[in-house]
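Please treat every number below as a calculation from the coordinates, not as lab data. All values reported here derive from a predicted model rather than from experimental measurement. Because the Cβ atoms are built from the backbone with ideal geometry, glycine has one as well, and the counts that use them run over all protein chains shown.
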Amino acid sequence: MTTPTNSSAATLEKLVALCKRRGFVYQSAEIYGGLNGVYDFGHLGYLLKENIKQSWKQAITTTEPNIVFLDGSLLGAADVWKASGHVEHFSDPMVDCMNCKHRYRTDDVDLERACPHCGKKAWTAARQFNMMFQTNLGAAADQASVAYLRPETAQSIFINFKNVLSTYRVKVPFGIAQIGKAFRNEITPKQFLFRMREFEQMELEWFCKPENSAYYFERWSQARKDFFSSIGINPERIRLRPHEKNELSHYSVACNDVEYRFPFGWKELEGIAHRGNYDLSQHSKFSGKDLGVYDEETKQTYLPDVVESSVGVDRLFLTLLFDAYYEDVVDNETRVVLRFSPKIAPIKAAIMPLTKKQTEAAEKIYADLRRKGYQIQFDESGSIGKRYRRQDEIGTPVCFTYDFDSENDHKVTARNRDTLTQERIAIDQLEQYLDAMLKNR
Ligand code: GAP
């Protein structure tokens, strides 16, 4: 008997513990006390991230096929970040507690009240803190050698706009997409993977004629909202929220956030921004290079507008965990299950011999499916019930058990993670079974 709960059973503490226990995510430098806001991803975390990235690439290129990819550098010249406005504007307001020296973002504390850490009310005045990590290239630590770790991937796209245009047969409208690391010296990293100091972004800059940018802004906003339900996230916990004028970043004409209802409230998961021609215009001005595009129809050069979609891989990782986490009662025992959509699940299937006697035959099936490229696990230790629970906890959609009958009927028992139903499947049909499972959901 199964009594499913809902995923409101998920708390940050439970997810952090599960991620550590099962090798999804570890605190970086844990054996030295940990590096705040920085995480390492284990095997399952790596696989989950890969599936997230793959789904994103597939989703954007099926929305609009005219998209090329870029892998830009992580270190950025100071001039790039001056032109982009990050040196001047990329800061959060912060305050310090003069008593215990704790530092907060002003929107994280109530300045009418005492410091949550020491209980004294002794705030400094609020001041701006630039969130970029600054470094120096080479041995001379002078102004000329200053560089920054990129706080977003987008600028690599803008500064390569002309390179891409002249080396590929792309024409406006088209997109340049990128997945890569970004770094922000967040004053208060928090909520595990929600606000980190080193994280990954998936960004698309869509270049279009100015007269079409309002249309593409709406089109990408809708497409990006729909993406999240296509990878299995509950659509009732997803909404699109337009920014108020006073919330807009220094570069945006308009912005829609895709928000997810986390246990700690509705929070931004992705931003879709109408950036106008701010970036190309700034880089043209600062570099002295004309980044304009020649229009065959009007016989004039113009700067395209940009619609950006930007989502954090890690924030989406956390969202998927929150959304998929359930605690069910099965036969009076609580099981933890991650109900990932099969295409997102890090492991697609587990192969289990019922007893040691069936190990060799089960291993053969495992090796065959691995060779065909399926991400699967072999599990032979412990009772079958324990093995099911282990797979449920990492979100494996199906377990195939090779049992006493398998040798005669050449079938295995397929046990479904969500319904717990069992059916016999011919061993030579397992590939089709997995393909259908991965295609349908
Ligand atoms: N290029 C636009 C840009 O970077 P953003 O709203 O600052 O916009 C986009 O960031 C997305 O990157 C966010 O919606 C979030 O998913 C992710 N992100 C931003 N800061 C993050 C952080 N400190 N930790 C984890 N993810 C973050």
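How large is the dipole of the chain about the Cα centre if only Lys and Arg carry +1 and Asp and Glu carry -1, each at its Cβ, rounded to the nearest 20 debye? Don't jump to the answer; show the numbers that get you there.
Working: 59 positive and 60 negative charges, 113 e Å.
Approximately 540 debye in magnitude.
Residue separation times 0.36 nm, minus the C-alpha to C-alpha distance between Trp266 and Glu296: what's the value?
Extra length available between Trp266 and Glu296 comes to 6.2 nm.
With the crude spin-label approximation of a point 7 Å out along Cα→Cβ, what separation in nm comes out for Phe404 versus Thr11?
So the label points at Phe404 and Thr11 sit 4.5 nm apart.
Working out 0.36 nm times the residue gap between Ser145 and Leu35, then minus their Cα-Cα distance, what length gain in nm do you get to one decimal?
Working: separation 110, 0.36 × 110 = 39.60 nm, distance 2.69 nm.
Between Ser145 and Leu35, full extension yields 36.9 nm more.
Identify, among Ala122, Phe264, Val109, the residue whose Cα sits farthest towards the positive end of the charge dipole of the chain, taking +1 on the Cβ of Lys and Arg and -1 on the Cβ of Asp and Glu, with the dipole about the Cα centre.
Of the options given, the answer is Ala122.
Which of the listed residues, Thr359, Gly395, Gly373, is farthest toward the dipole's positive end in the stretch 347-440, when Lys, Arg count +1 and Asp, Glu count -1 at the beta-carbon?
Gly395
Among Lys225/Lys267; Lys348/Lys372; Lys267/Lys348, which pairs are too far apart, with a Cα-Cα distance over 18 Å?
Values: Lys225/Lys267 14 Å; Lys348/Lys372 13 Å; Lys267/Lys348 30 Å.
In this structure, Lys267/Lys348 lie more than 18 Å apart at Cα.
Where does helix 12-21 land angle-wise versus the long Cα axis of the chain, in degrees 0 to 90, nearest 10?
On a 0 to 90 degree scale, this one is about 60.
Test of understanding: what is the full-extension gain from Asn185 to Thr359, defined as 0.36 nm times their sequence separation minus their Cα-Cα distance? If you can, show how the numbers build up before the last one.
Working: separation 174, 0.36 × 174 = 62.64 nm, distance 5.07 nm.
Going from the current span to full extension adds 57.6 nm.
Please give me, ordered by residue number, the GluC sites (Glu not before Pro) of the stretch 168-252 that lie in loop per DSSP and have at most 11 other Cβ atoms within 10 Å.
Numbers: sites: Glu186, Glu198, Glu200, Glu203, Glu205, Glu211, Glu218, Glu236, Glu244, Glu247; in loops: Glu186, Glu244.
Sites meeting the loop and neighbour criteria: Glu244.
Given the chain, what percent of its DSSP beta bridges are antiparallel, to the nearest 5? Can you show the working numbers first?
On the way: 76 of 87 bridges.
Restricted to the chain, the bridges split so that about 85 percent are antiparallel.
Kindly express, to the nearest 10 degrees and within the range 0 to 90, the angle between helix 278-287's C-alpha long axis and the longest C-alpha principal axis of the chain.
60
Can you find, among Gly45, Ser28, Leu74, the residue sitting farthest towards the positive end of the charge dipole of the stretch 28-75, where Lys and Arg contribute +1 and Asp and Glu -1 at Cβ?
Of the listed residues, the answer is Gly45.
Loop only per DSSP, at most 10 neighbouring Cβ atoms within 10 Å: give me the trypsin sites (Lys or Arg not before Pro) in the stretch 166-215, ordered by residue number. Could you put the intermediate results ahead of the total?
Values: sites: Arg169, Lys171, Lys181, Arg184, Lys190, Arg195, Arg197; in loops: Arg169, Lys171, Arg184, Arg197.
For trypsin sites (Lys or Arg not before Pro) across the stretch 166-215 that sit outside H, G, I, E and B with at most 10 neighbouring Cβ atoms in 10 Å, the list reads Arg169.
Taking the Cβ-Cβ separation of Gln422 and Arg241 as r and a Förster radius of 41 Å, what is the calculated FRET efficiency to the nearest 0.05? Mind showing how you got there, number by number?
Details: r = 43 Å, r/R0 = 1.06.
Efficiency computed from Cβ-Cβ geometry: 0.40.
Between Asn234 and Gln58, how high is the FRET efficiency from 1/(1 + (r/R0)^6) when r is the Cβ-Cβ distance and R₀ = 30 Å? Nearest 0.05. Intermediate values should be presented prior to the final figure.
Numbers: r = 21 Å, r/R0 = 0.69.
Approximately 0.90, to the nearest 0.05.
If you build the Cα gyration tensor of the chain and take the root of 5 times each eigenvalue, what three semi-axes come out, in whole angstrom, biggest first? Please list the in-between numbers first.
Values: eigenvalues 382, 170, 78 Å².
So the three semi-axes of the chain are 44, 29, 20 Å.
Just to be sure I understand: of the beta bridges DSSP finds with both ends in the stretch 347-440, what percent are antiparallel, rounded to 5?
Numbers: 9 of 17 bridges.
Of the beta bridges lying entirely in the stretch 347-440, close to 55 percent run antiparallel.
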